[in-house]
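The values are calculated or read from the model by the stated rules, or taken from the named source; none is laboratory data. Predicted, not measured: the structure shown is a model, and the values here were computed from it. Glycine also receives a Cβ, built like all others from the backbone with ideal geometry; neighbour counts cover every protein chain displayed.
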Amino acid sequence: MDLLRHAPALTADAAARIALQFFGVDGTATPLPSERDQNFLIATAAGDRFVLKIANSTDSRALLEAQNAALAHVARTTTLCPRLIPALDGAPITEMTTDAGTGHLVRLLTWLPGAPLASIVDPPSSLLESLGAAVAELDTALDAFDHPALHRAFHWDLARGLALVRDLSPRISDSDLRGLVVRVAQQVDFRDGPRLDTLRRAVVHNDPNDHNVLVDGTVTGIVDFGDIVHSYAIADLAIAVAYAVLGKPDPLAAAVDVVRGYQRLRPLADEELASLFGLVLLRLCMSVSIAAEQQQQRPDDAYLGVSQGPIAVTLPKLAALDPGAVEAAFRAARGRTPEETLAARRRVIGPNLTVSYARPLKIVRGWMQYLYDHAGRQYLDAYNNVPHVGHSHPRIVRAAAEQMLVLNTNTRYLHDKLAMFAERLVATLPPPLRVCFFVNSGSEANELALRLARAHTRRRDVVVLDGGYHGNTTTLIDISPYKFNGPGGDGAPPWVHVLPLPDTYRGKYRRDDPQAGEKFAEFARQVRNPGAFIAESAPSVAGQIVLPDRYLASVYAIVRGAGGVCIADEVQTAYGRMGTHFYAFEAQRVVPDIVVLGKPIGNGYPIGAVVTSPEIAASFDNGMEFFSTFGGSTVACAVGLEVLDVVEAERLQPHARAVGDDLLARLRAAIGQHPLVGDIRGSGLFLGVELVKNRETLEPATAEAAAVVNRMRERGVLIGTEGAFANVLKIRPPMPFTAADAARLSDTLAASLD
Ligand code: PMP
């Protein structure tokens, strides 16, 4: 406890000279606060910044070596902490003697940017959660680290706290505060004392107080390993909570925020949850007791008393809380683990909604073409087309939020955005597609498209492609072979006619047949009195199929000649995904009678749209009202407009073409010769890789495809499977997907296949 008398007392000039002499860093030195070392910020003219740390002469070399080892250990898994910079002679610790003859151990550390948490006046919940998460990250990084010098007798060790308060509390001059500290420590001893001995122990940082935590929006750094010690494994959390609650109007709420953030990454054990509040109180009692002792030694050092005012205010508030209620609040502040989330979902969500991957992902955040799981791991999203312009694209988020702040209502009132969205949408389509209807999903849009077709032709029969999927309603299941011919399906109803999938890899006519398109189309002639033909303009669910030339033109001609109308389901393919065209039907050089849009057009906000000709719209206007409560809502239109703007502003269609071409070339080079790879096909960012066990028989490699998808997930890249045999790897990323992402995908796929 007499270490304050051994604190170094160098001038800033001396510090600058040391930095230059031993580390070759030429800069100006500014003192930084410290309890017992001396710290200087060294700033060079070039703008580089470092921390020069001159140790208290009671700190042993072994202790500094242990700190250095801890810094190196955590640097392997986190960037939260500073790194050590060796001296010019390579030594991690430099020994120097002052003119006065005092010996000092000196180290140079990297400077971390950010402001101390203590400087943030009213930190929001999210920042306190981020503090908890950062402490958990540091504790996780310290797991499995140990050093003999850290099993030491140290006055800031919580495991020695009860004895310390007993010894030092008599020195607290304010009698009310002294009484409170003694009483609180006794209660902690009574309630938690026996249990504390059973707590798991580990090396802990031991001082994530609000002056050692750096913040830049979220917590970005934790500095000062000077108090590092082997103690209770939850000491860091208890200490972080103890300082984070100081001066807060509702200290319990602040504590719960920190604990929630911590448990998102590191759930606490039962006895840790029971002991946490006691350790928070104990740390504050220790702080008051140690400050009383230190202020007698160094009455003019303001930093030593920096927490005392707020502790005097907050400790009585904490002491008045019911420890049982606090424990319950800490227990409730626990994010569910992926296993618990899955179990809860199985209890309350219908069982035929499956989750992707053998080890389901708990995704908590998205950013453009990346997704992040509960542990902060990043995944390349090469699967989802709904976030067309990118997950959480800031322009879409802002458009939705700004509109929601003002108005979100239905289409029975006049609002400019409805017509503006419709005008923008029809401008992307060829004539006569000029009339829009807005609904809330691809299913609703296809359902409405069928009603339009039936109203116009007064016929019920529908022609579909094998393997197709058009939505989840009763009628759409009836026209979706993928469903009615799959598990639980009842087969095709009599009014539904299934054409063979024009698949030139595995179908009746192959790529070597220049007439394959027309020949596949001939099957449509067998349908008498078709009301509507509906197909994806590039069948996705059926296996990422690019239609052969002239297929749609030939089928459309046959169906129209027999009195039917043609519906293009562009739910997966719209808005430039195919690279060559804005819509997939354009690549087939046709103009549908009805176009159905969904998924990407709202970038995740639920928007479905049907666009048709004035003639068909007039047939539908038979006296019966059409209305969708949410369809075309003010927010939907604001989002829909913004998505179109972003697709254009960011030139996403030409981008998809360039990156898609690059990805196809990379895939062909990387895996084209792999024995499992039968076919690599696609256009733009709509690609498929078909896996086969045998390139002659084309026997599907279904289990292998599932294994590859799961291995890619483990390696941080998300794709899926499609096709009648679930043997086609589906690659359909958000459009911001880059050439670097393409390389990562291709390399990962090659490694997973191997
Ligand atoms: N059409 C196609 C081609 C689809 O892929 C889907 C959804 N997978 C739908 C329609 C149905 O859209 P939603 O799920 O939004 O109802």
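Structure notes:
- Screening Ala163 with (1) closer than 30 Å to Gln38 by Cα; (2) touching a residue at least 40 places away in the same chain (Cβ under 8 Å) gives one miss only, at (2).
- Filter pass, Pro530 being more than 16 Å from the ligand (Cβ to nearest atom) and farther than 16 Å from Ile567 by Cβ: no
- Residue under evaluation Gly517, criteria (1) within 27 Å of Val689 (Cα to Cα); (2) more than 11 Å from the ligand (Cβ to nearest atom); (3) surrounded by fewer than 17 Cβ atoms within 10 Å (Cβ to Cβ), criterion not met: (3)
- Entry remark, the stretch 704-749: residues being in a loop (DSSP other than H, G, I, E, B) and not small (Gly, Ala, Ser) number 11 in total.
- Qualifying residue in the stretch 607-624 (condition: within 16 Å of the ligand (Cβ to nearest atom) and either in contact with a Pro (Cβ under 7 Å, 6 or more places away or on another chain) or modelled with pLDDT under 95 (or both)): no
- Unique match (being surrounded by fewer than 19 Cβ atoms within 10 Å (Cβ to Cβ) and either away from the ligand (no atom under 16 Å from the Cβ) or among the small types (Gly, Ala, Ser) (or both)) among Gln403, Gln378: Gln378
- Of all the listed residues (Tyr379, Tyr383), the sole one being modelled with pLDDT of 95 or more, part of a loop (DSSP other than H, G, I, E, B) and under 28 Å from Leu342 (Cβ atoms) is Tyr383.
- Single residue of Leu282, Leu342 found to be more than 35 Å from the chain's Cα centre (by Cα), in a helix (DSSP H, G or I), within 25 Å of Glu137 (Cα to Cα) and not basic (Lys, Arg): Leu282
- The residues of the stretch 663-707 that are over 32 Å from the mean Cα position of the chain (by Cα) and closer than 22 Å to Gln572 by Cα amount to a single one, Asp679.
- Unmet criterion (only one of (1) closer than 30 Å to Arg424 by Cα; (2) surrounded by 16 or more Cβ atoms within 10 Å (Cβ to Cβ); (3) of a type outside the set (D, E, K, R)) for Ala670: (1)
- Look at the stretch 426-448: where a residue is more than 16 Å from the ligand (Cβ to nearest atom) and a partner is among the small types (Gly, Ala, Ser) and assigned to a loop (DSSP other than H, G, I, E, B), sitting 6+ places away or on another chain with Cβ atoms under 7 Å, you get Pro432/Ser613; Leu433/Ser613; Arg434/Ser613; Val435/Ser613.
- When the stretch 646-657 is filtered for residues that are over 25 Å from the mean Cα position of the chain (by Cα) and touching a residue at least 24 places away in the same chain (Cβ under 8 Å), the ones remaining, listed by number, are Gln653, Pro654, Arg657.
- Residues in the stretch 40-61 that are surrounded by fewer than 21 Cβ atoms within 10 Å (Cβ to Cβ), modelled with pLDDT of 95 or more and under 17 Å from Thr94 (Cβ atoms): Val51 alone.
- Note on the stretch 427-446: among residues that are in a helix (DSSP H, G or I) and surrounded by 16 or more Cβ atoms within 10 Å (Cβ to Cβ), the one that is farthest from the chain's Cα centre (by Cα) is Asn446.
- All positions within the stretch 148-160 that are closer than 20 Å to Ile239 by Cβ and either free of Cβ contacts under 8 Å to residues at least 24 places away in the same chain or not basic (Lys, Arg) (or both): Leu150, His151, Ala153, Phe154, His155, Trp156, Asp157, Leu158, Ala159, Arg160
Yes/no per residue for (1) at pLDDT below 95; (2) touching a Gly at 6+ places or on another chain (Cβ under 6 Å):
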{"position": "Lys317", "(1), (2)": "no, no"}
{"position": "Thr337", "(1), (2)": "yes, no"}
{"position": "Thr341", "(1), (2)": "yes, no"}
{"position": "Thr354", "(1), (2)": "yes, no"}
{"position": "Pro360", "(1), (2)": "no, no"}
{"position": "Tyr372", "(1), (2)": "yes, no"}
{"position": "His391", "(1), (2)": "no, yes"}
{"position": "Arg395", "(1), (2)": "no, no"}
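- Looking only at the stretch 579-595, and only at residues there that are of a type in the set (A, V, I, L, M, F, W, C) and within 14 Å of the ligand (Cβ to nearest atom), the one that is nearest to Gly442 (Cα to Cα): Val595
- Residue list for the stretch 604-624, filter: farther than 15 Å from Phe438 by Cβ, out of contact with any strand residue (DSSP E or B) (no Cβ under 8 Å at 6 or more places or on another chain) and of a type outside the set (A, V, I, L, M): Glu615, Ser619, Asp621, Asn622, Gly623
- Some residue of the stretch 338-346 being surrounded by 13 or more Cβ atoms within 10 Å (Cβ to Cβ), touching a residue at least 24 places away in the same chain (Cβ under 8 Å) and of a type outside the set (D, E, K, R): yes
- Filter pass, Leu162 being part of a strand (DSSP E or B) and surrounded by 14 or more Cβ atoms within 10 Å (Cβ to Cβ): no
- Any pair with Cβ under 6 angstrom, 6 or more apart, that starts in the stretch 87-98 at a residue that is hydrophobic (A, V, I, L, M, F, W, C) and ends at one that is assigned to a loop (DSSP other than H, G, I, E, B): Leu88/Gly24
- When Ala524 is tested against (1) of a type in the set (A, V, I, L, M, F, W, C); (2) farther than 25 Å from Ala724 by Cβ; (3) more than 12 Å from the ligand (Cβ to nearest atom); (4) surrounded by 20 or more Cβ atoms within 10 Å (Cβ to Cβ), only condition (2) is not met.
- Screening Glu271 against (1) assigned to a strand (DSSP E or B); (2) surrounded by fewer than 20 Cβ atoms within 10 Å (Cβ to Cβ) leaves a single unmet condition, (1).
- Selection within the stretch 543-571 - part of a loop (DSSP other than H, G, I, E, B), within 16 Å of the ligand (Cβ to nearest atom) and buried (at least 24 other Cβ atoms within 10 Å of the Cβ): Gly543, Gln544, Ile545, Leu547, Glu570, Val571
- Any pair with Cβ under 7 angstrom, 6 or more apart, that starts in the stretch 669-690 at a residue that is under 14 Å from Leu745 (Cβ atoms) and ends at one that is surrounded by fewer than 24 Cβ atoms within 10 Å (Cβ to Cβ) and among the β-branched types (Val, Ile, Thr): Ile671/Val677; Gly682/Val546; Leu685/Val659; Val689/Val677; Val689/Ile680
- Output for the stretch 14-53, where each listed residue is in contact with a strand residue (DSSP E or B) (Cβ under 7 Å, 6 or more places away or on another chain) and part of a helix (DSSP H, G or I): Ala15, Ala16, Ile18, Ala19, Phe22, Phe23
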